[in-house]
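Asks: Got a structure here, written out as structure tokens. Questions coming.
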Amino acid sequence: MRRFLVPFALVIALIAASIGAAQSNKERKYDFALVRKSGGMASWGSWNWSEQFRSKGPGLYVKKGDQTYVITDAETIKRAEAAMEEFKRVGDKMKQSRHARKNEAHAKAMAETSKEQEEIGRQMREASEEFEREFKNGANPEAERRYHEKMERLGEKMKAVSKKHRVWNSEAFSKEMEQFGRQMEAAGKVAGDKIVRLIDIAFEKGLARKV
């Protein structure tokens with residue numbers, strides 16, 4: 001069955017962007033974007049809405065109804081970032097696992113490629129030696145034709161071996177990434193619920209200002 005490989009960075013981006021999208025607009029109390037000092041951003045809800053705040057500096061940007069607010073209170077931001085730690089931890093673990101699995105698969109593929117290429121090389125040497133023996137007995141057009149055909153087949157086989165081991169994304173790896181994706185989704189929901197509570201408190205304390 002043919003497999004279509006999705007770039008890993010795109011997988012992460014889609015997971016992060018869709019944390020809040022799994023809920024309907026009625027279920028989701030706020031759309032919000034947590035922009036860090038580093039420029040990094042975690043968002044719940046509409047990515048098109050939240051992306052505009054990346055360049056506006058750190059803060060917790062909140063869409064409540066048709067109005068947008070920003071919360072810059074240091075303690076609220078600190079707690080919101082703390083709520084993100086489990087989500088970040090799962091994401092980091094996912095990246096590390098991918099890197100380790102890629103290296104492992106690459107090393108295995110290289111070993112298998114080397115072994116198969118060595119065998120094909122042996123067959124090529126045998127074919128050449130056999131042709132040389134027949135050639136010593138005089139010109140033999142049929143033997144020469146067979147020799148060239150065999151060498152061509154072995155050459156194609158050598159190319160196929162190299163091509164076969166280029167793909168390292170195995171079924172087991174895909175399942176592992178799916179599991180991490182579910183963990184990230186669950187961790188993102190927990191973080192989102194905590195941040196919603198922090199936003200509620202910020203509104204109660206008058207810490208949110210209109211943008």
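Asks: Full extension from residue 37 to residue 175: what is 0.36 nm times the residue separation minus their Cα-Cα distance, to one decimal in nm?
Replies: Full extension of this stretch gives 46.2 nm more.
Asks: Name the long-range amide H neighbours of residue 84: under 5 Å, sequence gap of 5 or more, or other chain; modelled H, no Pro or chain starts.
Replies: none
Asks: Identify all lysines with a Cα-Cα distance to residue 157 below 18 Å; exclude those on the same chain that are fewer than 8 residues away in sequence.
Replies: 115
Asks: Give, in nm to one decimal, the length gained when the segment between residue 29 and residue 204 is fully stretched (0.36 nm per residue of separation minus the Cα-Cα distance).
Replies: Numbers: separation 175, 0.36 × 175 = 63.00 nm, distance 1.51 nm.
Contour length minus Cα-Cα distance gives 61.5 nm.
Asks: Expressed in nm to one decimal, what extension gain is obtained for the pair residue 151 and residue 130 from 0.36 nm per residue of sequence separation less their Cα-Cα distance?
Replies: Extra length available between residue 151 and residue 130 comes to 6.4 nm.
Asks: Turning to a different aspect of this structure: Can you tell me the order of 29-40, 144-155 when each peptide is scored by its average per-residue count of other Cβ atoms within 10 angstrom, highest first?
Replies: 29-40, 144-155
Any read-out appearing in this document is the output of simple, stated calculations on the displayed coordinates, not a laboratory observation. This structure is a prediction, so every number in the text was calculated from the model and none was measured. Virtual Cβ from ideal backbone geometry, glycine too; neighbours counted across all protein chains shown.
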